[in-house]
Each structure stands twice: as C-alpha cells, then as structure tokens.
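We did not get these values from a lab; they are worked out from the coordinates using the rules stated. This is a predicted model, so every value here is computed, not measured. Cβ sites come from the backbone with ideal geometry, for glycine too, and all protein chains shown count toward neighbours.
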Amino acid sequence: MSSINCFRTAKAPLQTFASVSRFRYSPNGLVSVLRRKSSPSFVTLRVVSSMAYEKELDAAKKAASLAARLCQKVQKALLQSDVQSKSDKSPVTVADYGSQAVVSIVLERELTSEPFSLVAEEDSADLRKDGSEDLLERITKLVNDTLATEDLTKAIDSTLTTDDLLRAIDCGTSEGGPNGRHWVLDPIDGTKGFLRGDQYAVALGLLEKGKVVLGVLACPNLPLASIAGTKNSSSSSEETGCLFYARIGSGTYMQPLDSKSKPVKVNVSSVENPEEASFFESFEGAHSLHDLSSSIANKLGVKAPPVRIDSQAKYGALSRGDGAIYLRFPHKGYREKIWDHVAGAIVVTEAGGIVTDAGGKPLDFSKGKYLDLDTGIIVANEKLMPLLLKAVRDSIAEQEKASSL
Ligand SMILES: Nc1ncnc2c1ncn2[C@@H]1O[C@H](COP(=O)(O)O)[C@@H](O)[C@H]1OP(=O)(O)O
Ligand SMILES: [Mg+2]
Ligand SMILES: [Mg+2]
Ligand SMILES: [Mg+2]
C-alpha cells in the first residue's frame, strides 16, 4: 500500500513526477495524484485548490438563474402555439431554446479566458426549418428581454439577432468525454412537468476530465419549505423558487432563486431506519418503472408512499433532506443522458448522499452524452445505501425470475 503524504502541495517541480494520474476528491478540494520517478510507490497529493472553480460557479449560478427567469416568464404565458414537437416526440418549448441560449451567452461572456465546450440537450435544427421564422423571432426577443434585466459583469448587448441566437443554441453541440472541461446543460429538465405547470429545473454542471466538479439546479416551482410528506409538490402555496449549488469538496447550498438572501448549507436526510424513510421517483410512469420502485420500497420496509415529482428538482429536494431515497428505473432501451444527472448528482453527493447505478457503481460521466449504467439510478445516504442495494438486487432478481417463467 503506497504511503501518501496527504495534501502537501508538491514542492518538487513537476518533471520529477513520473505521472500525474487521475484527480481525486478530498475535503480540501480537488487533488492530483503525483507519482515520483525516483520512488513511484511514494505519491504526493497536490491540492489543486480548495477555491477551485469559484468563478465558474458564480457564472453558472448567474446563467442558470437568468435562464430560469426566462422559463418562468414563458411558463406563465405559455401559449399552446409555443409547444412544438421535436422529431423525437418530446415536447419542446420556446423556453427550452431560450434557456439554452441564455446559458451559453452568459457563460461565454463571464468566462472569457478559456475555450468553451458545452454539451446541451437542444440544437437549432428545428429552428432552421422553413416556417420557423416567427418562432425564432419570438425566442430572440425573449432572450434579449431577459438579458436586459441582468447587470452582467461584461455588458451584453441585448440586441441579439436571430443568427446570434442560433449560434448560441448551437454552442451546445460538444460531445463531452474524458478529457478537458465541458459544461453540461439541460435547459429545461422535465419538459413535461414544465408544460403541466409542475416541477422542472434548469440543470447546469461542469465536468473536468470526466469528473463532475460543480453543479447548479434552478428549480422555479420548488417550494423553499420542505416537501417531505407531500405526494408531489405542485399543491403548495408557499414561497417557491430554489437555487441549489455545489462545488467539489465544498458542500451543497440552497438559496431562494430570486433573491440575494443568504444561502444555507444543506445535508441529505440522516434517516437510518428504512421504515422512517420516504422515496422520490419520476412523476411520469413512462420515465421510470413505478412497480419496480414500489417492490424495492416494500422490501426495504419503507412505509411512506412515493413522492412523485418531475425533473432533477428531486435531487435538490433530496440534498436538503426532504426525502431519503431516489429510485429511477427507465424502461428497457432508454439511454440516460448526462445532462439529466450531472448537476443533480453533485448537488446530492456534496450534501453527503451517494448516487450510483443499480449495481452500486458510481455514475460515469466521461463517456460522452450518454450514461451507460446498470438498470437504473439509486440515491440514498451512507446508512441506507447498503440496505437499498440489497433490496434492489433482490427485487430485480425476483422480477427476472418471474418474467422467465
Ligand atoms: N422514456 C424516458 N425514460 C426516462 N427518462 C426520460 C424518458 N423520456 C424523457 N426522459 C427524460 O427524463 C427527464 C425527466 O425526468 P423525470 O421523469 O424525473 O421528470 C427529462 O430529462 C426527460 O427528458 P426531457 O428533458 O426531454 O423532458
Ligand atoms: Mg427534452
Ligand atoms: Mg432532461
Ligand atoms: Mg430537457
């Protein structure tokens, strides 16, 4: 077992190190593991910096909050004509495109010093088709109006043309992968929840060499107060609008979306007894096998009914302890996209939670746009995770046996 002199900043110049292997996370921030040529078994961990990604996080919070403001405006005035179906049949709205344009414009302007790579869900193909001119004009106006409401550090001329808009949307065509730095965006996660007037999220994360280093979730319809014990969260009349954010090694915070009031540090539920736990799952049965989740919950001894809400707002609610478990088992053949989980995953893990696939493996965001995982995604705190993994294994084995009879 190689001895590691922890967290000493490497004194020797880099060339004396044989390799700088993968990054590791530590309470002090991101560290790189350096192996000396002279004694490869002796490694030095170098704290990259506990203040790493500070300016990126500030830019991401600004971008996601502004995009959420645009979405709120559209959701309020949602006209049926704004809904057009993309070739993949999922409803797409003016807000999806507008949100993606706002995020890429703000990130590019706030972070001018580095190459900008964005993996995002939407692209401009449908907007470039004949007959989309009116829609394009409306989205451009919406984006200009939204940008004009914000005093961004680098003044953004809020007179974008439709070509500027198309370029901004198409910034999101990166494939991601294991090298370099990639922003990952779902401009509206939970489009169906958005259209239904329920939960949705603007979800923005940052990958560095395939690892998530920061995440922001803007959840305009999520109540600031806990939704524990509710069946879903649309009925609440309290103040809504939450911004969750997390940076590697620095914990998870939540603040009201529309105010500068002080953020509060949040932690996942500390429940250890599954009988006292509650679990979250997709509102849409088409997105997750509800019968499998309920068989797992029964096996685990969970008494409370599931809380079914749309989007990564679930990760936000879990990070502040509104529930203890999240179960997501997409139907066979569906491939999860990284933009549906990058931001939510770090918001939960930095709040003390664990996010794995059904086999207990951490999610691997380094393989491009898709998450190739075993069966589904499960989330719990450290105490419940071993029990949950066993219940998942047993339930899946039972279902496979039943289907083979
Ligand atoms: N068949 C599917 N299975 C799993 N997730 C899906 C499916 N279809 C769409 N999604 C995505 O699930 C996410 C919503 O998760 P939830 O079900 O928890 O609300 C959305 O990103 C949605 O995509 P989209 O962003 O296009 O709406
Ligand atoms: Mg979509
Ligand atoms: Mg999504
Ligand atoms: Mg989406």
Show which aspartates and glutamates lie in cross-link reach of LYS209 when reach means a straight Cα distance below 17 angstrom and same-chain residues fewer than eight apart are skipped.
-> GLU56, GLU114, GLU175, ASP364
What ranking, highest mean first, results for peptides 375-383, 266-274, 245-253 when packing means the other Cβ atoms within 10 Å averaged over each residue?
-> 245-253, 375-383, 266-274
Karplus-derived HN-Hα couplings along region 186-197 (A = 6.51, B = -1.76, C = 1.60, θ = phi - 60°), whole Hz, x at Gly and Pro | 10, x, 9, 8, x, 4, 5, x, 4, 5, 7, x
Calc'd 3J(HN,Hα), region 337-354, phi into Karplus 6.51 cos²θ - 1.76 cosθ + 1.60 (θ = phi - 60°), Hz, glycine/Pro = x, comes to 9, 5, 5, 7, 9, 4, 5, x, 4, 6, 4, 7, 5, 6, 9, x, x, 10
Per residue of region 380-397, in order, report the coupling 6.51 cos²θ - 1.76 cosθ + 1.60 (Karplus, θ = phi - 60°) as ³J(HN,Hα) in whole Hz, putting x for Gly and Pro.
-> 7, 8, 4, 6, 7, 4, x, 5, 5, 4, 5, 5, 5, 4, 5, 5, 5, 4
What order do you get for 130-136, 352-358 when each peptide is scored by the mean count of other beta carbon atoms within 10 Å, highest first?
-> 352-358, 130-136
Please find the FRET efficiency linking GLU272 to ALA77, where r is the Cβ-Cβ separation and R0 is fixed at 41 Å, and quote it to the nearest 0.05.
-> 0.35
Do you know the Lys pair count in region 274-404 for C-alpha distances under 23 Å, with sequence separation 8 or more or different chains?
-> 27
Region 327-405: Rg/Rh from Cα coordinates, Kirkwood Rh?
-> 0.99
Restricting to aspartates and glutamates and to Cα separations under 12 Å from LYS61, and discarding same-chain partners fewer than 8 apart, the set is GLU110, ASP258
